[in-house]
Every structure is written in C-alpha cells, then in structure tokens.
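Asks: Below is one structure. I have some questions about it.
The values are calculated or read from the model by the stated rules, or taken from the named source; none is laboratory data. This structure is a prediction, so every number in the text was calculated from the model and none was measured. Heads up, the Cβs are rebuilt from the backbone with ideal geometry, glycines too, and the neighbour counts pull from every protein chain shown.
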C-alpha cells in the first residue's frame, strides 16, 4: 500500500520573516500585504494576537493598537527561493517531493519503502522534523494514505502524526473544520450560513452544483477532498543548472551590462541543450545599488537553443529600460520545455515556412513588449468597435490562428460586401462593412452643415448631392439598454469615384466609423 506524508510549515511566510529577523522573535510581528499604511495584516505571531491585533486589520490601525509592532513584506521570489531550499533538503529523505501550489509551505512526499533506511514511519518523520528545525523551520508532519487525509492530519494534529489505517484518516478529515480549505472568505461565509462547518458536510453537497454555487476553485477543492484514491507522489528532483547569477561592478552603461550577461546566457542555453530539450523563455533579473529589482522575460515564438538569438532578444529588451542607479547584480534563468524524442523534427516543412515569421514576432516582442503581437477575435457586443478584441499570440504557428474563425478584418467575403447600397435586395439591407476604425473620427461635412439634427441630416444630404455624393440611411443599431447604452443611427455615404463611407450620428455630430470596400 502506498504511504504518503504531508509536511506543512504553518504560517510559512511569517516564518520566513522571523527567520530573516531573529531579533523579533519575542516581539509582536505581522506580515503585511505591501508597504503602505492601509495595507492589511495577513499573518501575525502569538504575541501580536495576544496584544489584540487581528488578521485583516490595516497596518496603521494595528500600529496604533501596538506601537511596538514589527511588520514587513515577504516577496514572492523570497518564498519561491525558500521552497526550493526545503525541497532540496527533503530529497535527502525521499526520492519524490511535490510542493502544493494552492498554499505555500505544504509538501507531499513519498515515504514508501524507507523502513530499511529509517526504521518505521515515526522515526523517519522525526528525522525530517529535526532537519527542518536545524534550518529554523517549524513543521508538522503526518504520514498516511491519501494526500487530503495527510493534509488535514498535519494541520490539526500534533507535530508528528502517523495514521494507522485509511478509515481512521478519512474519519479525521471529515470532522475537520471547513476553514482548513484555502477558499476565499466570501465562499467560507456562505458555506457557514448554510450550516456547513465541517469538511464532511461540504462533501455531502451535490457534486454538480458546487461550481455553479461556489465557483471553480471550490469545485476543484471539493473533488480533491472527496477523492478516495491513493495518488502517488510524482515529484522529480528539479535541475537548477539552468540558472546563472553574478555580482556586477556597479554598471550603468547598457552595453557593459549586456557584455556581462552574454556569457551567462550562453551558459544557460548550453546547460539546457545538453539535456536534450529546448528553452521556452529566458528570465533576467537586474538589481541596482538601491536594492530595486527589474525582472524581464524574453521568449522566442517557439522553443529554441539558439544562444545568439536569445542574446539578441535580451539586448533589445534592455535597451528599452531606464537605469536610475548602477546595476550591481544580475541573474539569468532559463525555462526549459520537455519534448518527446524526435518531437522537434515533426512537420519540418511547415516549421521552415513559419520560422522567419516567428523570429520577426519574437524580435518585436523583445523590443516592444510581450503583448506587442496580437490577433483579432470576435466579441459579443453591439457597438461595432467593441465587437472584436486583441489577444497576444506566440507566433505564426499558433494553432488558434488556423481554427477557422475570423475576426474583424478577415478576408472572408461576407454576403453583400461588394454590393452597392442602391443594389441591395428587397428590404434595403445595409452593405457589410469590412474595415472598422479602431477609433471613430469626426466627419468633415458635418462642420459645414453645423450639426446633425434630423433636419441637419437632410441638409447634409443636399450638400453631399451637390458634391456628387449620396447619403443612405438611417440604419439603426440598438445599444445595450441594461447598461444605459444609447443606440446609434448609421448612414452610408457613397462617392462617385471613391469608396463608400460608413458614418453614424451622436447628438449634433457625424462620425466616420469605417469603410465599405
């Protein structure tokens, strides 16, 4: 039978704060969301709770209650670095480790078959607990049979808990508080109003209504908590060889910074290439003398091991940045992407066709930002300029580009798009508009007609007729009444030797919306 253990470091980021400031251990300490007076308190130690401070209280209010309160922010990068440190430590006790993304400081490990090395499960857990304590981490460890069961036991039981049977573990999990689940406070309050205060009561709800009533996150946790299966821990030891860092000699010149980064980039790309995979993106971190960090990401349109191209992308990105203080530290991290054997050689003809386009897209993103290359998608709206949206794409090989859907600006011919307004079928249907301006522009004839009231429209028609153009309309497009959005009256202006214009009236002004081609 599989044996799984859960290792939880309660109040993980608060532990990191106390680990960085050991002189605060006997003082009231709180972790806040960010560095501002109104930032909420997220976590606090026992001394701060005893002094009357509560989670969610603004930092300024908490400081007024306890003037000696010590507070700070724990950045995400610091948390991720410590998680990697703990993961490396746990690999000395087990071959498989997984960190839970939903809550920092929770790990599942495989403790099957370790009796000959560590004796029974309790002795193994005691050794793990001691090793973490030597690193100034407080942990609770539970060994059992399922992930969720060991999570509940680690959160509610003593520092070391060993479940003797799967039934005992399931019973303890069902009686645990619903507050154990990492749900939003609003969802927890709604569940408690319904009288659902235990995980067992939560699991007794109909499975089909969880997502609709409480959201997708609650549905995921519902399935996780109710899964009776024994899922093996599949974590594999991470490879940190694709990261390079360097202390720089106070550089402000961009070319000097790039010259120091180039060998680091080449080394990272080579470390990824020798593993038989390619690199999907490259992360660059620069830190100046004031301690401010700049984090940038560059990525080609498709995974690559071309070190020269990655150096070019980084150079383009760094030339667009502003450097207020000299840079003293740099780190380069590559993100490899796993491939099946021979995957890079599939569809070689298609890849050759799109390679130059993808390189161009990557260069544009490196110089203008990762959202510079976009595609147009249809959107459900009434007003023409809101009937499409822009979505970033990775490259010409993006499968969504060949899905058969056409947005604004598509070359697919629509019914009647080349028909003249006076050649429409019965019912005087308006012609289809193929080009829509992203931003409407004032129409020139309106200034001469002094507004666009119903009478003014007739005067505009006379002016257009004398100039050799004709006005057709109005064609009414209703607005979204539930949002208080007014409708629009559209007109087609046909000129003798020019394209047909598409205009609309709002108040006393005509606006050019697009063209009929």
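Asks: Taking into account only those residues within segment 46-67 that are under 14 Å from residue 14 (Cβ atoms) and in a loop (DSSP other than H, G, I, E, B), which is modelled with the lowest pLDDT?
Replies: Filtering segment 46-67 for residues that are under 14 Å from residue 14 (Cβ atoms) and in a loop (DSSP other than H, G, I, E, B), the one modelled with the lowest pLDDT comes out as 55.
Asks: Quick check: anything in segment 182-200 part of a strand (DSSP E or B), within 17 Å of residue 107 (Cα to Cα) and touching a helix residue (DSSP H, G or I) at 6+ places or on another chain (Cβ under 8 Å)?
Replies: No, the conditions are met nowhere in segment 182-200.
Asks: So, one more: Looking at residue 83, is it in a helix (DSSP H, G or I) and without any contact (Cβ under 8 Å) to a residue 60 or more places away in the chain?
Replies: Yes: the conditions hold for residue 83.
Asks: Applying the selection to segment 224-245, what residues are surrounded by 13 or more Cβ atoms within 10 Å (Cβ to Cβ) and at pLDDT 70 or above?
Replies: 224, 225, 226, 242, 243, 244 - these are the residues of segment 224-245 that are surrounded by 13 or more Cβ atoms within 10 Å (Cβ to Cβ) and at pLDDT 70 or above.
Asks: Just the residues that are at pLDDT 85 or above, farther than 20 Å from residue 77 by Cβ and loosely packed, with under 15 Cβ neighbours inside 10 Å, please, taken from segment 321-339.
Replies: none
Asks: Can you say whether residue 267 is modelled with pLDDT under 90 and more than 19 Å from residue 358 (Cα to Cα), as far as the supplied structure shows?
Replies: Answer is yes for this residue.
Asks: Could you grab me the full set of residues in segment 92-128 that are touching a strand residue (DSSP E or B) at 6+ places or on another chain (Cβ under 9 Å) and assigned to a helix (DSSP H, G or I)?
Replies: If the condition is that a residue be touching a strand residue (DSSP E or B) at 6+ places or on another chain (Cβ under 9 Å) and assigned to a helix (DSSP H, G or I), then 121, 122, 124, 125, 126, 128 are the ones that fit.
Asks: Residue 89 versus (1) assigned to a helix (DSSP H, G or I); (2) touching a strand residue (DSSP E or B) at 6+ places or on another chain (Cβ under 8 Å): which is the lone unmet condition?
Replies: (2)
Asks: Would a scan of segment 270-291 turn up a residue that is closer than 30 Å to residue 55 by Cβ, at pLDDT below 85 and assigned by TED's automatic domain parsing to the domain that holds residue 320?
Replies: Yes - at least one qualifying residue is present in segment 270-291.
Asks: Then there is this: Looking at segment 51-76, which of the residues that are loosely packed, with under 14 Cβ neighbours inside 10 Å and without any contact (Cβ under 8 Å) to a residue 12 or more places away in the chain is nearest to residue 243 (Cα to Cα)?
Replies: Looking at the filtered set, the residue picked out is 76.
Asks: Still on this model: Let me confirm something: among 104, 79, which residue is surrounded by fewer than 20 Cβ atoms within 10 Å (Cβ to Cβ) and under 26 Å from residue 172 (Cβ atoms)?
Replies: From the options 104, 79, the qualifying one is 104.
Asks: Could you please find all residues in segment 358-385 being part of a helix (DSSP H, G or I) and modelled with pLDDT of 70 or more?
Replies: 358, 359, 360, 361, 362, 363, 364, 365, 366, 367, 368, 384
Asks: Shifting gears a bit: Can you name every residue in segment 279-313 that is more than 25 Å from residue 77 (Cα to Cα) and touching a residue at least 40 places away in the same chain (Cβ under 8 Å)?
Replies: Passing the criteria: 301, 302, 307, 309, 312.
Asks: Taking segment 1-41, which residues are touching a residue at least 24 places away in the same chain (Cβ under 8 Å) and part of a strand (DSSP E or B)?
Replies: 4, 5, 6, 7, 8, 29, 30, 31, 32, 41
Asks: Shifting gears a bit: Against the definition (at pLDDT below 90, in contact with a strand residue (DSSP E or B) (Cβ under 8 Å, 6 or more places away or on another chain) and within 29 Å of residue 218 (Cβ to Cβ)), how does residue 34 come out, yes or no?
Replies: No, not satisfied.
Asks: Moving on to the next point. Residues in segment 189-214 that are at positive phi and surrounded by 15 or more Cβ atoms within 10 Å (Cβ to Cβ): how many?
Replies: Here the count works out to 0.
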